[in-house]
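Since every read-out is calculated from the coordinates, none of them should be taken as a lab result. Nothing here was measured: the structure is a model prediction, and the numbers come from that model. Positions of Cβ are backbone-derived with ideal geometry, glycine not excepted, and every protein chain shown enters the neighbour counts.
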Amino acid sequence: MNEREHASVCVHSKTIASPGRGILAIDESNATCGKRLASIGLDNTEANRQAYRQLLLTTPGLGQYISGSILFEETLFQSTTDGKKMVDCLREQNIVPGIKVDKGLVPLPGSNNESWCQGLDGLASRSAEYYKQGARFAKWRTVVSIPCGPSALAVKEAAWGLARYAAISQDNGLVPIVEPEILLDGDHSIDTTLEVAERVWAEVFYYLAENNVMFEGILLKPSMVTPGADHKEKADPETIAKYTLTMLKRRVPPAVPGIMFLSGGQSEMEATLNLHAMNQSPNPWHVSFSYARALQNSVLKAWQGRSENVEAGQKALLARAKANSLAQLGKYSA
Ligand code: 13P
């Protein structure tokens with residue numbers, strides 16, 4: 001990394017991890033975006049995806065609560081219906097544009113029915129293009145499944161892929177978001193999740209260090225430590241906060257500027273309350289959100305694909321963004 005790239009990743013990681021702000025994740029692949037649109041009876045066309053992303057990114061006042069937004073490639077190169085680049089809508093509100101760079105999951109041969117994440121081939125040249133287009137951070141999501149093991153092979157592959165991606169991103173001036181999502185699926189206890197999360201993050205940091213990734217210029221996107229979705233008992237926000245922070249304090253150096261949680265299938269309210277619980281005492285890093293579903297669910301419901309409901313959709317987004325902003329500050333009350 002040269003000096004310019006070094007400065008760029010440090011500045012942007014700090015901007016994204018700024019008090020009272022977090023990330024709006026709208027980087028669903030076309031297939032996943034199609035599922036969201038289908039939930040309100042819309043076809044998965046480029047025009048419908050554009051209308052939806054335009055609604056989100058032109059929300060007045062969004063920059064007060066949102067510091068970064070992760071886009072899918074289509075949106076990074078897209079304009080609004082009146083010809084304004086989507087990235088300019090973000091920059092006007094001091095929101096840093098980001099880009100999903102992984103190419104998705106495929107089966108991992110030799111494992112216990114697990115998967116690995118593709119996308120390293122050609123990543124350096126794609127990253128350079130994304131930077132030119134205005135992206136300043138990147139995201140790579142791989143997954144680890146507890147019911148499938150996780151096998152030592154799957155954990156190693158996930159960690160190595162994340163580390164190679166992180167090094168390539170920084171080399172191209174992009175802040176890498178490191179996201180090994182430990183899936184909620186399963187009936188395991190919260191103690192099992194803690195044990196797996198500790199294993200995964202130990203390995204991720206081992207390979208990040210081996211690849212000379214600069215920790216001051218990365219952001220993490222962990223899953224919260226919770227019981228499996230089918231476990232007999234639910235955990236309350238205080239328990240989730242205690243387990244999650246214990247895990248992070250054992251594994252994440254304070255040089256890392258920000259922890260930006262994914263919502264992973266939690267309801268909007270659960271995701272907010274859990275984040276609030278995690279910010280009840282000072283943490284070594286900015287502890288915030290990078291939610292997709294937990295920011296978008298009520299927007300889709302309010303919008304219903306109708307132009308007369310755009311304002312209602314934007315109001316719903318702002319309400320969720322504000323709630324999570326307060327939760328980041330530890331000041332949310334239901
Ligand atoms: P969810 O918050 O819906 O789990 O999305 C996470 C994600 O990785 C999107 O960028």
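Just name the residue that is surrounded by the most Cβ atoms within 10 Å (Cβ to Cβ) out of those in segment 2-34 that are of a type outside the set (A, V, I, L, M, F, W, C) and within 13 Å of the chain's Cα centre (by Cα). Out of the qualifying residues, it is G22. L57 meets all of the listed conditions (1) of a type in the set (A, V, I, L, M); (2) out of contact with any Lys or Arg (no Cβ under 8 Å at 6 or more places or on another chain); (3) more than 16 Å from the ligand (Cβ to nearest atom) but one, namely (3). Remark: pairs (first residue in segment 233-251, at negative phi; second residue outside any helix (DSSP H, G or I) and among the β-branched types (V, I, T); Cβ separation under 6 Å; 6+ apart in sequence or on different chains) = A235/T226; I240/T226; Y243/V225; T244/V225; M247/V225.
Considering only residues in segment 141-165 that are within 16 Å of the ligand (Cβ to nearest atom) and of a type in the set (G, A, S), the one that is nearest to V225 (Cα to Cα) turns out to be S145. Of the residues making up segment 218-231, those that are buried (at least 19 other Cβ atoms within 10 Å of the Cβ) and out of contact with any Pro (no Cβ under 8 Å at 6 or more places or on another chain) are L220, K221, S223, M224, V225, T226, P227. For segment 310-325, a residue qualifies if it is without any contact (Cβ under 8 Å) to a residue 60 or more places away in the chain and surrounded by 18 or more Cβ atoms within 10 Å (Cβ to Cβ), and the qualifying residues are A316, R320, A323.
Rundown of residues vs (1) surrounded by fewer than 19 Cβ atoms within 10 Å (Cβ to Cβ); (2) of a type in the set (A, V, I, L, M, F, W, C); (3) within 15 Å of the ligand (Cβ to nearest atom); (4) part of a helix (DSSP H, G or I), yes/no style:
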{"residue": "E129", "(1), (2), (3), (4)": "yes, no, no, yes"}
{"residue": "V178", "(1), (2), (3), (4)": "no, yes, yes, no"}
{"residue": "T193", "(1), (2), (3), (4)": "no, no, no, yes"}
{"residue": "V200", "(1), (2), (3), (4)": "no, yes, no, yes"}
{"residue": "E203", "(1), (2), (3), (4)": "no, no, no, yes"}
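Yes/no matrix, rows are residues, columns are (1) of a type outside the set (S, T, N, Q); (2) under 30 Å from H188 (Cα atoms):
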{"residue": "V101", "(1), (2)": "yes, no"}
{"residue": "L105", "(1), (2)": "yes, yes"}
{"residue": "P109", "(1), (2)": "yes, yes"}
{"residue": "N113", "(1), (2)": "no, yes"}
{"residue": "L120", "(1), (2)": "yes, no"}
{"residue": "Y130", "(1), (2)": "yes, no"}
{"residue": "A135", "(1), (2)": "yes, no"}
{"residue": "K139", "(1), (2)": "yes, yes"}
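Quick check on A154: is it under 30 Å from S125 (Cα atoms) and among the small types (G, A, S)? So A154 fits the description; yes. Has segment 271-288 got any residue that is part of a helix (DSSP H, G or I) and either touching a Ser or Thr at 6+ places or on another chain (Cβ under 6 Å) or among the basic types (K, R) (or both)? For segment 271-288, residues part of a helix (DSSP H, G or I) and either touching a Ser or Thr at 6+ places or on another chain (Cβ under 6 Å) or among the basic types (K, R) (or both): present.
With the condition kept exactly as written, say whether any residue in segment 66-80 is farther than 27 Å from L317 by Cα, without any contact (Cβ under 8 Å) to a residue 24 or more places away in the chain and more than 20 Å from the chain's Cα centre (by Cα). So far as segment 66-80 goes, no, none of its residues is farther than 27 Å from L317 by Cα, without any contact (Cβ under 8 Å) to a residue 24 or more places away in the chain and more than 20 Å from the chain's Cα centre (by Cα).
In a residue-by-residue description of segment 243-258, the property of being farther than 16 Å from L184 by Cβ, within 16 Å of the ligand (Cβ to nearest atom) and out of contact with any Asp or Glu (no Cβ under 8 Å at 6 or more places or on another chain) applies to at least one position. Within segment 212-225, residues that are part of a helix (DSSP H, G or I) sit with their Cβ atoms under 6 Å from residues that are of a type outside the set (S, T, N, Q) and surrounded by fewer than 18 Cβ atoms within 10 Å (Cβ to Cβ), at 6+ positions apart or across chains, in these pairs: F215/P253; F215/A255; E216/C10; E216/A255; G217/C10.
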